[in-house]
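Read the structure below first, then the notes.
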Amino acid sequence: MASEETRTAETRTADTRTAMSSTSTSSTGRGAAAASTPETPPGAGRTRAWATRLVVLGIVLSALNLRPAITSLGALLEEVRDGLGMSGSVAGLLTSVPPLCFAVFGVTAPRLARRFGPAAVVCAGMVAITAGLLIRPYVGGTAGFLAATALALMGIAVSNVLMPVIVKRWFPDRVGSMTGLYSMALALGTSLAAAVTVPLTDAMGGDWQSGLAVWAGLAAAAVLPWLPLVRDRGAAPGQQRPEQARPERARTAGAAAEEQSVPLRITRSRTAWALAVFFGLQATAAYITMGWMAQIFRDAGVAAGTAGLLLAVTMVMGVPLAFVIPRVATRLPHQGPIVLVLGVCGLAGYAGLYLAPAGGAWAWAVLLGISNCAFPLALTMVGMRARSGAGVAQLSAFAQSTGYLISIPGPLLVGVLYQQSGGWGLPIALMAGLMVPQMLVGFLAGRNRTVEEEAAAH
């Protein structure tokens with residue numbers, strides 16, 4: 001009896017040990033499976049790769065559409081004035097509408113991006129550009145033309161602000177190269193619309209309405225890559241969304257910063273203000289160049305066709321340099337030296353325009369084209385001066401909106417000085433004078449610090 005009880009106890013003990021061993025093995029197996037199973041579902045790698053290709057295509061096509069609405073109108077402004085019976089003052093107002101719309105509508109981009117996602121907002125922006133460009137030639141009146149132009153510019157404004165955000169989110173380790181690609185496409189779209197709008201119009205029978213409306217086709221093409229991405233609110237496809245991610249204690253500080261939604265007190269950052277003023281002054285120089293440089297050459301005795309070609313050279317310089325400069329900038333701890341080099345080129349170009357505008361016209365056009373590449377540098381610094389996507393969104397909106405407001409009076413003031421003085425001496429002196437503070441604030445904006453650090457320190 002005792003031996004039977006002993007055997008029963010031994011049997012139970014063995015069974016217990018077997019069960020414990022089985023449980024341990026099962027647990028170990030589950031742990032191994034958990035360790036070997038990726039966090040993303042099967043096929044997520046392919047989804048991520050295709051989504052990345054769509055984003056790259058969307059960035060390039062969107063950038064191509066961020067200036068043709070402006071430069072195509074400039075090429076046909078005389079025909080538009082005659083066709084709509086537009087007064088000279090209203091035509092002059094058209095030159096100031098773009099930066100005004102960029103400032104007013106651009107500031108709404110971060111809020112829209114937080115609610116709908118950056119990809120959805122950019123997609124809507126491309127739709128607005130398409131609709132505005134398609135409608136404005138056929139509205140039949142000055143007020144309708146201005147309203148349709150504002151619709152297109154609204155789409156450009158929000159896309160301007162969110163492009164650096166999308167680059168930072170999808171390509172955090174390639175900010176320089178992707179910003180360079182985006183800036184190069186933007187410069188290409190600018191120069192392309194300026195160069196081919198008139199020949200296209202002539203090929204379509206000289207109808208300025210068709211010549212303007214044709215650019216809606218390019219904008220419509222830019223809508224397509226964003227459509228599969230419009231539901232994205234945060235993480236890129238193939239990655240976990242914040243609500244699906246592992247527990248907070250296991251997240252990195254960078255991921256937590258990326259997901260923050262509390263707005264920064266951006267106005268407390270000196271770097272943000274320096275970058276905003278730098279953006280405004282470089283935009284002032286760019287709009288003055290686009291609006292008046294050809295006239296400066298013509299008044300110096302250069303033929304009209306050659307003057308237009310010189311302006312095209314200035315804009316085309318941004319195509320290769322807009323790709324190179326951001327890549328160089330991201331490899332430097334301080335972007336100030338690049339700011340100074342571009343500023344010196346600008347000062348040399350303005351000095352040449354003042355002393356011998358016709359004699360060295362090609363050299364001055366090249367130098368001013370190099371100087372105008374402060375724009376891709378400013379965009380690159382926006383991506384570098386904030387740690388998180390939310391910070392980049394706020395900094396981009398603040399710098400661009402404030403900067404475009406600063407740029408509004410510049411082209412108008414140049415026109416007033418030219419009219420009052422009867423020559424280009426004072427306007428060129430103004431352009432050169434503005435280059436000095438541009439170099440100063442650009443140097444300050446190029447320091448290796450972030451707006452989050454500065455905002456938290458106050």
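Please work out the FRET efficiency for the pair VAL230 and LEU355, using the Cβ-Cβ distance as r and a Förster radius of 56 Å; give the result to the nearest 0.05. Efficiency, from the Cβ-Cβ distance: 0.55. Accessible area of ASP202 (1.4 Å probe, protein heavy atoms only, ligands and nucleic acids ignored): about 100 Å². Full extension of the chain between ARG114 and SER421 gives 105.6 nm of extra length, using 0.36 nm per residue less the Cα-Cα distance.
Please compute one quarter of the surface area of the Cα convex hull for the range 299-458 and express it in square nanometres.
Values: hull surface 41.4 nm².
Average projection, Cα convex hull of the range 299-458: 10.4 nm².
Ordered from largest to smallest accessible area (heavy atoms of protein chains, 1.4 Å probe), the residues TYR354, TYR287 come out as TYR354, TYR287.
With a 1.4 Å probe and all protein chains kept in place, how do TRP273, TRP208 rank by accessible area, largest first? List each step's numbers first, then the result.
On the way: TRP273 110, TRP208 35 Å².
From most exposed to least exposed: TRP273, TRP208.
Working out 0.36 nm times the residue gap between ALA363 and ALA147, then minus their Cα-Cα distance, what length gain in nm do you get to one decimal? Could you put the intermediate results ahead of the total?
Values: separation 216, 0.36 × 216 = 77.76 nm, distance 3.96 nm.
Gain on extension, ALA363 to ALA147, equals 73.8 nm.
Expressed as a whole percent, the accessible area of the range 263-343 that falls on carbon and sulfur atoms is 67 (1.4 Å probe). At a probe radius of 1.4 angstrom, the accessible area of the range 264-410 per residue rounds to 35 square angstrom.
How big is the Kirkwood radius of the range 100-193, worked out from every pair of different alpha carbons and given in Å to one decimal?
Numbers: mean 1/r = 0.0706 Å⁻¹.
Computed over Cα pairs of the range 100-193, the Kirkwood hydrodynamic radius comes out at 14.2 Å.
Subtracting the Cα-Cα distance from 0.36 nm times the residue separation, let me have the gained length for ALA221 to LEU412 in nm, one decimal. Kindly include the intermediate steps, with their values, before the conclusion.
Working: separation 191, 0.36 × 191 = 68.76 nm, distance 3.45 nm.
The ALA221-LEU412 span can extend by a further 65.3 nm.
Paramagnetic label reach from VAL97 (point 7 Å along Cα→Cβ; backbone nitrogen cut-off under 11 Å): within the range 150-192, residues 150-154. Once all protein chains are placed together, CYS345 keeps about 20 Å² accessible to a 1.4 angstrom probe. Seen from LEU353, the other residues with C-beta closer than 14 Å to its C-beta sum to a net charge of 0, counting Lys and Arg as +1 and Asp and Glu as -1. Residues GLU78, GLU452 ordered from highest to lowest accessible area at a 1.4 Å probe: GLU78, GLU452.
Projected label points at ARG265 and ARG53, each 7 Å from Cα along the beta carbon direction, are separated by 4.8 nanometres.
Protection proxy ranking, highest mean first, for peptides 152-160, 387-395: 152-160, 387-395, where packing is the per-residue count of other beta-carbon atoms within 10 Å, averaged.
With a 1.4 Å probe and all protein chains left in place, how much accessible area per residue does the range 113-153 have, in Å²?
Details: 1480 Å² over 41 residues.
Dividing the accessible area of the range 113-153 by its residue count gives 36 Å².
The values are calculated or read from the model by the stated rules, or taken from the named source; none is laboratory data. Keep in mind it's a predicted model, so treat the numbers as computed, not measured. Here the Cβ is made from the backbone with ideal geometry for all residues, glycine too, and neighbour counts use every protein chain on show. Ligands, DNA and RNA are excluded from the accessible area calculation, which covers all protein heavy atoms including side chains. Shrake-Rupley method; radii C 1.70, N 1.55, O 1.52, S 1.80 Å.
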